[in-house]
Every structure is written in C-alpha cells, then in structure tokens.
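The values are calculated or read from the model by the stated rules, or taken from the named source; none is laboratory data. Everything numeric here is computed off the predicted structure, so don't read it as measured data. For neighbour counting, all protein chains shown are included, and Cβ atoms are generated from backbone atoms with ideal geometry for every residue, glycine included.
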Amino acid sequence: MPYDDPDMTDPMEMIGVELPAEEPAMEELARVFAEEFARMGFDERKLLHLFKTPFYAGAHNAYLALGEEKIQEIVRASLEVWGRIRFLDREADPGSGMILLPVLPVLKGTDNQHETDDMEPCQEDQ
C-alpha cells in the first residue's frame, strides 16, 4: 500500500469523529483552551479572538455553545492565574532587564553527585 493511499480495511487508520457534548464538557473544553493559550502568553483580546475564529474549531464550538459572556468569564479566570506569565527573548530585547544567571557547579559528595564517575546516567546505585 502506498504511503499516501489510505486502505479502508486497515483497522489502524485514523478516523476523526465528532461526539456530542453537554454544557459541562464544553465548559471544561473552553477552560483547557483558555489555560493553554494564556500560559503561552495570550492576553484577553487574543484569547477572545481565538474563541471567535472558526479556524480553531474546538474553541469556536465552545464559544457558539456557551456564548460570549460565559467565554469571557472563563478567559478572565484563566488570566487571573496564568496572565502574569510573559515570555521574553533576552537577546531580542536587551532593555528588558533580564539577566543570565550562572549555573552553579555540583560538588562531589553531595546528594546531587554520585561518588563514582564510571556509572551510566540511567543506572541506579546498588
């Protein structure tokens, strides 16, 4: 069977199906989307745009099922927890005030270092 030619008798063939969901499941789906994108640094405006955009089918279906008011409530709740996190590129923005912290060496004899150097990293002490 060629790589791009699907075989309808193949039991491992991926098949997407849509399952009906009640309101609690749609709320949870919306919370997951809001949290994931809030953790990636999206603000309220970007998150609401994501839910309103049909390209993001799962988020958009939750928006259609729950309505704008409920989605705004979910987005604000996610941003209360995750909205303070912002990722910055220190090299792209030297004026950001971020500094490079040195990595401290591990001393022999501490809990973080084995006494013998000949052990493989995945081996356990015996």
### Task
Taking Leu19 as the residue in question, decide whether it is under 30 Å from Val81 (Cβ atoms), within 27 Å of the chain's Cα centre (by Cα) and outside any helix (DSSP H, G or I).
yes
### Task
With respect to Tyr63, determine if the residue is among the hydroxyl-bearing types (Ser, Thr, Tyr), at pLDDT 80 or above and within 17 Å of the chain's Cα centre (by Cα).
no
### Message
Between a residue in the stretch 32-47 that is touching a residue at least 24 places away in the same chain (Cβ under 8 Å) and more than 10 Å from Val75 (Cα to Cα) and any residue that is surrounded by 14 or more Cβ atoms within 10 Å (Cβ to Cβ) and of a type in the set (A, V, I, L, M, F, W, C), which pairs come within a Cβ distance under 8 Å, given they are 6 or more apart or on different chains?
### Response
Arg39/Trp82
#### Entry: Identity of the residue in the stretch 66-84, farther than 22 Å from Glu22 by Cα and part of a loop (DSSP other than H, G, I, E, B), that ends up nearest to the chain's Cα centre (by Cα)
Gly83
#### Entry: Among the candidates Met1, Met12, Met40, residue that is surrounded by 11 or more Cβ atoms within 10 Å (Cβ to Cβ) and either at pLDDT below 90 or within 26 Å of Val81 (Cα to Cα) (or both)
Met40
### the stretch 43-60: number of residues that are surrounded by 13 or more Cβ atoms within 10 Å (Cβ to Cβ) and under 19 Å from the mean Cα position of the chain (by Cα)
11
